Structures are given as C-alpha cells and as structure tokens.
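Everything below concerns the one structure shown next.
The values are calculated or read from the model by the stated rules, or taken from the named source; none is laboratory data. Predicted model, so just to flag it, every value in this text is computed and none were measured. Cβ placement follows ideal geometry from the backbone for every residue including glycine, while neighbour counts extend to all protein chains displayed.
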Amino acid sequence: MIELNKIYNEDCLEGMKRIPDKSVDLIITDPPYQINKTKSGGNSRLARSIQKMNDQILENNLTNGFDTKILDEIVRVMKKINLYIWCNHKQIPMYIDYFVNKNNCAFDFIIWNKTNPAPLFNNKYMTDKEYCIYFRKGGYCNPVNYETAKTVYHQPLNVQDKKYYTHPTIKPLNIITNLLLNSSKKSEIVLDPFMGSGTTAIACLNTWRNFIGFETNKEYYEKSLERIKNNVTQLDLFEEE
C-alpha cells in the first residue's frame with residue numbers, strides 16, 4: 001500500500017504499481033535526460049570544472065534516459081493527464097509522440113532561460129535553457145496573474161542548491177512551486193517518480209499539497225529526507241510565531 005507524504009527509495013516503475021488507478025491529481029518530475037556526449041573538451045580551468053559536473057551526471061545514471069514503460073504508469077495513475085516533465089531537446093519528439101499523437105493531449109513549453117550558463121564548447125549552441133513540457137487532457141491549469149502565467153523564467157543557475165543538496169540537475173524551487181500552484185489545489189495528490197533531492201516534496205509541503213515520491217539513488221534519497229525534516233521544522237517555527 002502506498003502512503004502519502006513519503007518518498008520511497010525504490011524504482012518508480014515498481015513502486016507506482018502500488019498507486020491506484022486515477023488517484024493522482026498532478027505529476028511534476030525531472031527524469032534522466034538523454035545525453036550522448038559528456039566530454040566538454042579542453043584543459044582550461046573552466047573546461048575542467050564543467051567536466052567535473054558532467055562526470056557527476058554520468059556517474060549517477062542521469063544520461064541514459066529511462067524505461068518508457070513509466071509513461072504508461074503515469075497515464076494510469078492520473079485522474080486526468082496533468083503533467084509537467086523536464087527534458088532535453090533530444091527527448092522532445094518522444095514525449096510529443098506519446099502524449100500528443102497517442103494520447104491526444106494539449107501541450108505547452110515552459111523554459112528556464114539560464115542567465116549564467118556555461119560557456120560554449122565543441123561547436124554547438126550554448127546550453128542556456130532547459131525545457132519543461134506541460135501535457136494535459138482535461139487537467140487543471142489556472143494561473144492567477146501575468147507573473148504566474150509566464151512560460152519563460154529568466155534566472156541564473158541555482159549553484160547554491162546544487163552544492164548544498166548535492167544534485168547536479170536540481171531545479172529551482174520557485175519554478176516548481178509556481179507550476180504546482182497553477183495546476184493543483186490544496187490537499188490534492190502530487191506525484192514525482194524521480195524525486196531527486198526532494199524539490200517537489202518541499203514545494204508541496206509549503207503549499208499544503210500531498211506528495212508521493214520515488215528516488216533510486218540512496219544519497220539523493222537521504223538528502224531529500226534531511227531536506228524535508230529541516231523544512232518541516234522551519235514551517236513549525238513559523239506557525240508558532
């Protein structure tokens with residue numbers, strides 16, 4: 001049986017089998033990207049620092065995508081398709097084919113434009129953006145003003161979060177929180193099959209949503225539990241004031 005407001009240290013493909021059909025209101029998740037090249041090139045200090053990050057991504061199995069059977073489970077557990085999924089450009093055709101062509105979803109692109117991206121290497125365009133595709137088929141979406149309805153976020157890399165929570169691809173809490181507020185209501189259930197360092201869980205706690213999460217990496221899992229514990233303590237202190 002699955003419990004609410006808990007992260008499970010297990011493969012989400014197995015764990016999601018315990019979630020009942022049509023029981024989840026929203027999914028926000030950041031699965032592993034499909035990255036074919038992880039060598040930055042060059043021997044400069046900057047190149048070496050970028051290579052260190054690339055090596056960390058490679059070592060933690062964040063470059064080979066994921067079992068697409070998970071998409072079938074995602075559709076099964078949602079009341080209505082209501083999904084924000086982060087990806088890189090190589091994965092966009094696959095997601096469009098599955099959710100738009102096969103499941104008749106509407107979609108939109110959310111873009112995080114990084115104002116301090118890593119410099120250009122190896123004859124390619126700068127990596128100054130990340131994509132989040134919003135798929136829905138009857139799902140709830142209700143931004144309340146111009147600021148919350150925007151689809152492009154101009155802000156720097158969250159370097160401090162990466163350093164503190166030890167996750168190389170951590171997403172900004174403010175973006176996740178805004179997506180959560182736009183597409184869910186208080187007390188609803190939000191699922192993150194790739195919880196990472198717990199950002200989706202923190203956003204849920206801060207906005208009175210329930211969450212379910214899965215994370216296979218033991219280090220990230222333990223860091224997410226520590227992060228949640230610290231966040232709950234801060235919320236309790238705030239409420240007591």
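Of the residues making up the stretch 1-28, those that are assigned to a helix (DSSP H, G or I) and either more than 20 Å from residue 68 (Cα to Cα) or basic (Lys, Arg) (or both) are 17, 18.
Residues that are surrounded by 13 or more Cβ atoms within 10 Å (Cβ to Cβ), among the aliphatic types (A, V, I, L, M) and more than 25 Å from residue 14 (Cα to Cα) do not occur anywhere in the stretch 125-137. Checking 184, 224 one by one, the residue that is under 29 Å from residue 20 (Cα atoms), modelled with pLDDT under 95 and of a type in the set (Ser, Thr, Tyr) is 224 and no other.
Picking from residues in the stretch 177-200 that are buried (at least 24 other Cβ atoms within 10 Å of the Cβ), hydrophobic (A, V, I, L, M, F, W, C) and in contact with a Ser or Thr (Cβ under 7 Å, 6 or more places away or on another chain), the one that is farthest from residue 27 (Cα to Cα) is 195.
Within the stretch 64-89, restricting attention to residues that are farther than 23 Å from residue 137 by Cβ and not in a loop (DSSP other than H, G, I, E, B), the residue that is modelled with the highest pLDDT is 89. For residue 61, the conditions (1) on the phi > 0 side of the Ramachandran plot; (2) within 18 Å of the chain's Cα centre (by Cα); (3) at pLDDT 90 or above all hold with the exception of (3). Cβ separations smaller than 9 Å between residues 6+ apart or across chains give the following pairs from the stretch 130-155 residues that are in contact (Cβ under 8 Å) with a residue 60 or more places away in the chain to residues that are outside any helix (DSSP H, G or I) and among the polar types (S, T, N, Q): 139/82; 140/82; 140/184. Of the candidates 125, 134, the single residue that is outside any strand (DSSP E or B) and on the phi < 0 side of the Ramachandran plot is 125. Take the conditions assigned to a helix (DSSP H, G or I) and either touching a Lys or Arg at 6+ places or on another chain (Cβ under 7 Å) or exposed (fewer than 15 other Cβ atoms within 10 Å of the Cβ) (or both) and apply them to residue 92. Does it pass? Yes, satisfied. Filtering the stretch 77-118 to residues that are over 16 Å from the mean Cα position of the chain (by Cα) and among the aromatic types (Phe, Trp, Tyr) leaves 98, 99, 107. Within the stretch 156-163, one or more residues are surrounded by 13 or more Cβ atoms within 10 Å (Cβ to Cβ), modelled with pLDDT under 95 and under 25 Å from residue 8 (Cα atoms).
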